[in-house]
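Trainee: Mind having a look at this structure? Questions to follow.
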Amino acid sequence: MLCVPDGQLPLVRERYERYLGHPVLPEGPVTLLTEAGLADLLPGEVPPALPALVASTVTVPDLARVRGLLAENGLPVRETARGELFVPAEAAFGAALIFRQIRHGEGEA
């Protein structure tokens with residue numbers, strides 16, 4: 001997840017679409033958002049500078065289990081605006097770690 005200054009999102013999106021050779025999608029391998037969008041999605045997160053890599057997402061089969069494991073290990077857990085779990089950047093070596101529940105049919109071989 002790359003956070004860019006407000007007003008620069010269209011320019012950065014165009015650049016990444018050129019790099020990737022296809023449109024940047026909201027749930028794609030690269031998520032772009034502005035500082036205001038970051039505040040909405042990950043409450044309490046503030047980028048150290050802009051642009052900044054502010055988060056990575058991991059898909060998991062069971063969010064409740066992940067929540068328990070994080071709590072057992074003393075890690076702070078918050079919820080995103082989408083209801084996903086995340087460990088704040090300050091506890092995750094500088095970039096938030098988002099845990100997303102695998103949707104039915106996703107990630108199954």
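The values are calculated or read from the model by the stated rules, or taken from the named source; none is laboratory data. Keep in mind that what you see is a predicted model, and the values were worked out from it rather than measured. Quick reminder, even Gly has a Cβ in these numbers, built from the backbone with ideal geometry, and neighbours come from all protein chains shown. Areas reflect the complete protein model, heavy atoms only, side chains present, ligands, DNA and RNA absent. Shrake-Rupley method; radii C 1.70, N 1.55, O 1.52, S 1.80 Å.
Trainee: Those residues that are open to solvent by less than 40 Å² (accessible area, probe 1.4 Å) and without any contact (Cβ under 8 Å) to a residue 40 or more places away in the chain, I need them from the range 78-102; list them, please.
Mentor: Listed by number, the residues that qualify are 80, 83, 84, 85, 87, 91, 92.
Trainee: Let me confirm something: among 41, 53, 75, which residue is open to solvent by 80 Å² or more (accessible area, probe 1.4 Å), in contact (Cβ under 8 Å) with a residue 12 or more places away in the chain and either in contact with a helix residue (DSSP H, G or I) (Cβ under 6 Å, 6 or more places away or on another chain) or not basic (Lys, Arg) (or both)?
Mentor: After ruling out the rest, the residue left standing is 53.
Condition check ((1) modelled with pLDDT of 95 or more; (2) more than 26 Å from residue 103 (Cα to Cα)) across all residues:
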{"residue": "6", "(1), (2)": "no, yes"}
{"residue": "21", "(1), (2)": "no, yes"}
{"residue": "49", "(1), (2)": "no, yes"}
{"residue": "61", "(1), (2)": "yes, no"}
{"residue": "76", "(1), (2)": "yes, no"}
{"residue": "83", "(1), (2)": "no, no"}
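Yes/no per residue for (1) among the β-branched types (Val, Ile, Thr); (2) within 18 Å of residue 83 (Cβ to Cβ):
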{"site": "20", "(1), (2)": "no, no"}
{"site": "27", "(1), (2)": "no, yes"}
{"site": "30", "(1), (2)": "yes, no"}
{"site": "35", "(1), (2)": "no, no"}
{"site": "44", "(1), (2)": "no, yes"}
{"site": "54", "(1), (2)": "yes, no"}
{"site": "61", "(1), (2)": "no, yes"}
{"site": "67", "(1), (2)": "no, yes"}
